[in-house]
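Presented below is the structure to which this report refers.
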Amino acid sequence: MSLLDLQRDFQSWLKTESNEVAARFGEPSRAGLAVYLNNYRAQLLACLTESFPAVRAWIGDTAFEGAAATHVDSVPPSAWTLDEYGRDFAETLDMIYPDDPEVAELARLEWNLAVAFVGPDATPVDPAALAGIDWDNAIIHLVPTFVLFPVSTNVAALRSAIHDQQTPPPVARLPEPASIAVWRNGFTPMFRTVTAEEAAVFEQLRQQQRFGDICGDLVKRMGEEQGPALAGSMLRQWFTDRVIAAIS
Amino acid sequence: MHGKHLFGLGLRKPHYADFLDAAPVAVDFVEVISENFMVAGGRPLNVLRRVRERHPVALHGVSLSIGSADGVHLDYLRRLRELIDAIEPMFVSDHLSWSRIGSFNSHDLLPLPYTEEALARVCNSIHRAQEVLGRTLLLENPSSYILWPGGMTEWDFLSAMCARTGCRLLLDVNNIFVSASNHGFDASAYLAGIPADCVRQIHLAGHSQGRELLIDTHDQPVRGSVWSLYAEALQRLGPVATMIERDDNIPPLATLLGELDVARGIAAEQARRVA
């Protein structure tokens, strides 16, 4: 058997546990194949367990182990690092829990927090150093770990309660579409729920639109009083959150 | 003899604070799992940089997959090179095994057949890796649970690999013990068969008895039988950097330092005998 054929067969064994494939390796390999199969599955399950503690706490150990086993069966690992294996777990949970969207949303939140934990470093802008900024022409750059994803439930409150070992609130659909922002402040991953209005502004920032133009859009949508007030309050919040990496 | 006795431990998350405390930890070097630090930023990389200011660091990888029939991945090597350039490690090592084929990555250290075809593939990949990394690689003998029929012995394979590529060896004494037990070969013959002047580092670890085979679990103290084999290895190798691996069921640092003192004692005893 060539090296390539051997490795393809071994891959097939790990993914399918096929007796036909195992037979090709011969009887003396039987005990060893079982060890490698156990190591393979145990390592992937342990990776998911470590990556999604809040999901496990929310759905319970038995359900989590079932969902993780389904994921291992349906999504073979492909990245060079094991840490990537949880990337698609939320999609598996979407399929398993179509009527409980908070489960997959909790996984998305945990995944993005984990990504932010080892994301690129950045030093947030110090508000004290902003004198003389031409805000009309300013372009605000967010820290490189900043991401935004849509949610339909109170998953932020669920995750906070689970993380703090408090009793989680009842799961609830949000009255309006919203998103969760995730970023890292120093070495600590952070998150908060943002309104559709603020999410739209974050999208404008991502497109590097001038702050003056963004404020102009807010005035058109919300009026002369509320538009600038909202822009000011969002800006203050971004400095508090330390999500602004640079202003150019 | 080609080196000097150095004694190190793995840098693992439960011990980060110990290694960053004001009092220095009594080790000559620390070893880290390379992939855990091949990241853009954040706390783990910061910890490694700070520990590096205090100790030499060895980078030990698990994802190189030097035995893949379709070769090593350039993207992986470039990322590893970035870490090497940032940390300036004393050793860069990985395993004589394969993990990946095509788009599938098992994240396990799977056994190679010790055939001429596999040797040619491994040597080709070592040349490529050493070229991209700008470093001599250390390859570790794996613990294995399958011995493919029809090949050469593992020690003959390692010898030929070193001779053809200039790579060096990370000799895992526990892995020799585990594989010898699982496949019924003589661990002393293994030690006699490897090129002693190519060994740059030794690993020690614990193992467990599985249903039918010994399993390299890294979750136990080093066993007495492995300490004996370590003493025998030092007789053949002379002074060499030794490191204890503990990846699961991790005890307080003081416990591992106590184990490292056992290694120091054995090395001192061997040195006395030689003298």
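The values are calculated or read from the model by the stated rules, or taken from the named source; none is laboratory data. All values reported here derive from a predicted model rather than from experimental measurement. Counting neighbours? That spans all protein chains shown, and the Cβs are built from the backbone with ideal geometry, glycine included.
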Taking the condition of being over 12 Å from the mean Cα position of the chain (by Cα), farther than 25 Å from B:Met38 by Cβ and free of Cβ contacts under 8 Å to residues at least 60 places away in the same chain, how many residues in region A:102-127 meet it? 2
Could you run through region B:132-159 and say how many residues are away from chain A (no Cβ under 12 Å) and out of contact with any Leu (no Cβ under 9 Å at 6 or more places or on another chain)? 6
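One line per residue, one yes/no per condition, for (1) aromatic (Phe, Trp, Tyr); (2) under 30 Å from A:Glu102 (Cβ atoms):
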residue	(1), (2)
A:Leu4	no, no
A:Asp9	no, no
A:Leu14	no, no
A:Val21	no, no
A:Arg24	no, no
A:Tyr36	yes, no
A:Ala42	no, yes
A:Ser51	no, yes
Would you confirm whether or not region B:30-41 contains a residue that is in contact (Cβ under 8 Å) with a residue 60 or more places away in the chain, in contact with a Gly (Cβ under 7 Å, 6 or more places away or on another chain) and over 26 Å from A:Thr188 (Cβ atoms)? yes
Collect the residues in region B:170-190 that are over 21 Å from B:Gln201 (Cβ atoms) and in contact with a strand residue (DSSP E or B) (Cβ under 7 Å, 6 or more places away or on another chain), keeping them in residue-number order. B:Ser181, B:Asn182
Residue list for region A:60-96, filter: over 18 Å from the mean Cα position of the chain (by Cα) and hydroxyl-bearing (Ser, Thr, Tyr): A:Thr62, A:Thr70, A:Ser74, A:Ser78
Determine if region B:23-35 includes at least one residue that is in a helix (DSSP H, G or I) and at pLDDT 95 or above. yes
Give just the number: which of (1) of a type in the set (Ser, Thr, Tyr); (2) within 8 Å of chain A (Cβ to nearest Cβ); (3) over 18 Å from A:Pro77 (Cα atoms) does B:Ser63 not satisfy? (3)
For region A:76-124, give me the residue count where each residue is surrounded by fewer than 16 Cβ atoms within 10 Å (Cβ to Cβ), within 13 Å of chain B (Cβ to nearest Cβ) and among the hydrophobic types (A, V, I, L, M, F, W, C). 1
Name every residue in region A:12-30 that is in contact with a Leu (Cβ under 9 Å, 6 or more places away or on another chain) and modelled with pLDDT of 95 or more, in order of residue number. A:Trp13, A:Leu14
Only residues that are of a type outside the set (Ser, Thr, Tyr), in contact (Cβ under 8 Å) with a residue 12 or more places away in the chain and surrounded by fewer than 22 Cβ atoms within 10 Å (Cβ to Cβ): list them for region B:122-136, please. B:Cys123, B:Asn124, B:His127, B:Arg128, B:Gln130, B:Val132, B:Leu133, B:Gly134, B:Arg135
Among (1) more than 9 Å from every other protein chain (Cβ to nearest Cβ); (2) assigned to a helix (DSSP H, G or I); (3) over 24 Å from B:Glu259 (Cα atoms), where does B:Asp18 come up short? (3)
Among residues belonging to region B:248-275 that are part of a loop (DSSP other than H, G, I, E, B) and over 21 Å from the mean Cα position of the chain (by Cα), point out the one that is farthest from B:Leu11 (Cα to Cα). B:Ala275
Hey, any hits in region A:194-216 for a residue that's in contact with a strand residue (DSSP E or B) (Cβ under 8 Å, 6 or more places away or on another chain), surrounded by fewer than 17 Cβ atoms within 10 Å (Cβ to Cβ) and under 20 Å from A:Ala107 (Cα atoms)? no
Given the options A:Ala31, A:Ala54, name the one that is in contact with an Asp or Glu (Cβ under 7 Å, 6 or more places away or on another chain), among the small types (Gly, Ala, Ser) and within 8 Å of chain B (Cβ to nearest Cβ). A:Ala31
Residues that are hydrophobic (A, V, I, L, M, F, W, C) and within 15 Å of the chain's Cα centre (by Cα): find the helices (runs of 4 or more DSSP H) completely inside region B:119-195 holding 1 or more of those. B:154-165, B:173-183
Looking at (1) over 21 Å from A:Leu82 (Cβ atoms); (2) surrounded by fewer than 24 Cβ atoms within 10 Å (Cβ to Cβ); (3) at pLDDT 95 or above, which is the one condition that is false for B:Gly3? (3)
State yes or no: is B:Leu45 among the hydrophobic types (A, V, I, L, M, F, W, C), over 24 Å from A:Lys15 (Cα atoms), in contact with a strand residue (DSSP E or B) (Cβ under 9 Å, 6 or more places away or on another chain) and within 14 Å of chain A (Cβ to nearest Cβ)? no
Across region A:125-146, what is the number of residues that are closer than 16 Å to A:Gln204 by Cβ and surrounded by 13 or more Cβ atoms within 10 Å (Cβ to Cβ)? 7
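Against the definition (within 19 Å of B:Leu253 (Cβ to Cβ), away from every other protein chain (no Cβ under 14 Å) and under 18 Å from the mean Cα position of the chain (by Cα)), how does B:Pro24 come out, yes or no? So that I can check it myself, show each step before the final result.
Details: within 19 Å of B:Leu253 (Cβ to Cβ): yes; away from every other protein chain (no Cβ under 14 Å): yes; under 18 Å from the mean Cα position of the chain (by Cα): no.
It is false that B:Pro24 is within 19 Å of B:Leu253 (Cβ to Cβ), away from every other protein chain (no Cβ under 14 Å) and under 18 Å from the mean Cα position of the chain (by Cα).
Which helices (runs of 4 or more DSSP H) does region A:78-174 wholly contain that include 3 or more residues that are within 30 Å of B:Arg100 (Cβ to Cβ) and in contact with a His (Cβ under 9 Å, 6 or more places away or on another chain)?
A:89-96
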Exactly one of B:His203, B:His183, B:His218, B:His207 is within 14 Å of another protein chain (Cβ to nearest Cβ), surrounded by 14 or more Cβ atoms within 10 Å (Cβ to Cβ) and within 21 Å of B:Val57 (Cα to Cα), and that one is B:His218
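Which of the strands (runs of 3 or more DSSP E) found entirely inside region B:50-110 contain at least 1 residues meeting this: surrounded by fewer than 19 Cβ atoms within 10 Å (Cβ to Cβ)?
On the way: elements: B:57-60, B:91-95, B:98-101, B:104-110.
In region B:50-110, B:104-110 are the strands (runs of 3 or more DSSP E) which contain 1 or more residues that are surrounded by fewer than 19 Cβ atoms within 10 Å (Cβ to Cβ).
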